[in-house]
Amino acid sequence: MDARAAPHLPANAEVLEPAERLSHVYPVHSRRNESGRLEIGGCDVVEVAREFGTPAYVYAEEDIRERARGFMDAFAARTDRFDVVYASKAFPCTAVHRILSEEGLSCDVASGGELYLALRGGFAPERVYMHGNNKTEGELAYALDRGVGHIVVDSFDEIERLERLTETRQKVMLRVTPGITAFTHASIQTGQVDSKFGFGMDDAPAAIERCMASDRLELCGLHAHIGSQIFDLEPYERLAELLAGMGNYPLLNLGGGLAIAYTAADDPPTIDAYVETLLRAAPDGVTVLCEPGRSLVGNAGVTVYTVGTVKDVPGVRRYVAVDGGMSDNLRPMLYGARYEAEIADRPGGDALCTVAGMHCESGDILIRDVALDDPRPGDLLVVPATGAYGHAMANNYNALRRPPVVFCAEGDARIVVRRETYEDLAVRDV
């Protein structure tokens, strides 16, 4: 096989036009400029990579703002009793917290670290909901000290801890495990009977009674979450009906989980349809909460890599190795998550390739069988829809430095999280 030869797509395979890809999985208003280069937030991605290096997480700030407004407007058109709560686990970053607090959202945190970042980013503590299936005493004490608005209790042990630690009356919500199995990957299902999260339906009545009897906890509502990356909205309607039947409380939190488009084949529900479903079964007079995370930031970000090696295994596959991998995007290894990719200044192509990372694991594969335009060493490879759970799950395997986060808006690119240095890798050494 020639060194530059590669397997090609079968004749009947669907090859999408670049414009269709840009409109579907890339950030809003992304486009090809006159040089054929990808632009995100008005910024030429080739120039962004030249200035900040690769790998890099590159976000369109306006995309995040538009999606936040989409949720707020969808609720406001139907009710004045709602709260949109950013699930910060998707992208825990001071800069995005600042944007979403400016847009009027509240914030969901699941650790002391996420709480710190949310407060640092400008969320008022009373607008914060503290989650987690095993909150430590230190985290609960920190939340109480900072005046967190609501703590979502997850177990009888936590009720006891919280009562012991609080010196005033703390508002709480009770997390219920509804026994609803959402159609998504097993690792991101959270509402099924066999779940580490929340109180099962048999235990929930006793937990409610326990909180109601407490002179230190004020039970304000119920919370449930059925999973993530969900396309079918019907389970949300069942969830709202189930929680509404458990008592009359001021707050009803139906969790998050709205799917996004990772590939051109994905067709997730609209924000409008999602909100309509959440409200349809909720009782009158109740404030309905939802917790979007991925659906706020997932399509807002792309990851830019540099191709280092192109290696053909004759008759098997072409490997295109990039300067990142499982240290900056762990989802393909955890869930078999599927992405698209293309060369930043050469969209399309029909050479079937496997994008591999640079780590010492055979499983360090970002994308299998993606069509690229004759990839070469030095090319910039762009992977869209990496705005959620990339930065959040980034790690230092093989002592790689975690990438920077770059925000682009109106043609201006700025660093909001710098790239780690080699010195950073040893900063905690004693």
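Within the stretch 231-253, the set of residues being hydrophobic (A, V, I, L, M, F, W, C), over 15 Å from G179 (Cβ atoms) and touching a helix residue (DSSP H, G or I) at 6+ places or on another chain (Cβ under 8 Å) comprises L233, L252. Checked against the criterion of being in contact with a strand residue (DSSP E or B) (Cβ under 7 Å, 6 or more places away or on another chain), in the same structural domain as V25 (by TED's automatic domain parsing) and of a type in the set (S, T, N, Q), the stretch 393-402 contains not a single residue that satisfies it. The selection criterion, being on the phi > 0 side of the Ramachandran plot, touching a Gly at 6+ places or on another chain (Cβ under 6 Å) and buried (at least 17 other Cβ atoms within 10 Å of the Cβ), does not hold for G298. Among the candidates T386, T354, the residue that is crowded, with 18+ Cβ neighbours inside 10 Å, β-branched (V, I, T), in the same structural domain as E39 (by TED's automatic domain parsing) and touching a residue at least 40 places away in the same chain (Cβ under 8 Å) is uniquely T386.
Kindly indicate whether G308 is in a strand (DSSP E or B) and at negative phi. It is true that G308 is in a strand (DSSP E or B) and at negative phi.
Return yes or no: is Y86 under 24 Å from R216 (Cα atoms), of a type in the set (S, T, Y) and either in a loop (DSSP other than H, G, I, E, B) or in the same structural domain as G198 (by TED's automatic domain parsing) (or both)? It is false that Y86 is under 24 Å from R216 (Cα atoms), of a type in the set (S, T, Y) and either in a loop (DSSP other than H, G, I, E, B) or in the same structural domain as G198 (by TED's automatic domain parsing) (or both).
Here is a yes/no grid of residues against (1) within 30 Å of I99 (Cβ to Cβ); (2) modelled with pLDDT of 95 or more; (3) aliphatic (A, V, I, L, M):
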{"position": "T136", "(1), (2), (3)": "yes, yes, no"}
{"position": "D145", "(1), (2), (3)": "yes, yes, no"}
{"position": "E163", "(1), (2), (3)": "no, yes, no"}
{"position": "R175", "(1), (2), (3)": "yes, no, no"}
{"position": "A182", "(1), (2), (3)": "yes, no, yes"}
{"position": "H185", "(1), (2), (3)": "yes, no, no"}
{"position": "Q189", "(1), (2), (3)": "yes, no, no"}
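Inspect the stretch 123-133 for any residue being more than 17 Å from K171 (Cβ to Cβ), surrounded by fewer than 23 Cβ atoms within 10 Å (Cβ to Cβ) and assigned by TED's automatic domain parsing to the domain that holds L219 and give the result as yes or no. Checking the stretch 123-133: at least one residue is more than 17 Å from K171 (Cβ to Cβ), surrounded by fewer than 23 Cβ atoms within 10 Å (Cβ to Cβ) and assigned by TED's automatic domain parsing to the domain that holds L219.
Please verify whether the stretch 100-121 includes one or more residues that are surrounded by fewer than 21 Cβ atoms within 10 Å (Cβ to Cβ), of a type in the set (G, A, S) and touching a residue at least 40 places away in the same chain (Cβ under 8 Å). No, the stretch 100-121 has no match at all. Looking across the stretch 290-305, the residues that are closer than 24 Å to F82 by Cα and not in a helix (DSSP H, G or I) come down to C290, E291, P292, G293. Counting only helices (runs of 4 or more DSSP H) that sit completely within the stretch 197-289, those holding 1 or more residues that are under 23 Å from the mean Cα position of the chain (by Cα) and hydrophobic (A, V, I, L, M, F, W, C) correspond to 234-244, 271-280. Residues in the stretch 213-232 that are surrounded by fewer than 17 Cβ atoms within 10 Å (Cβ to Cβ) and farther than 20 Å from Y129 by Cβ: A213, D215, F231, D232. Residues of the stretch 89-107 that are within 15 Å of the chain's Cα centre (by Cα) and assigned to a loop (DSSP other than H, G, I, E, B): F91, P92, C93. If I ask for residues that are surrounded by fewer than 22 Cβ atoms within 10 Å (Cβ to Cβ) and either touching an Asp or Glu at 6+ places or on another chain (Cβ under 9 Å) or of a type in the set (S, T, Y) (or both), which ones from the stretch 145-162 would you list? Across the stretch 145-162, the qualifying residues are G147, G149, S155, F156, R161. Residue under question is R78, and the condition is that it be outside the structural domain of N395 (by TED's automatic domain parsing), surrounded by fewer than 20 Cβ atoms within 10 Å (Cβ to Cβ), touching a helix residue (DSSP H, G or I) at 6+ places or on another chain (Cβ under 8 Å) and basic (K, R); does it hold? The answer is yes for R78.
The values are calculated or read from the model by the stated rules, or taken from the named source; none is laboratory data. Source: prediction; values computed, not measured. Because the Cβ atoms are built from the backbone with ideal geometry, glycine has one as well, and the counts that use them run over all protein chains shown.
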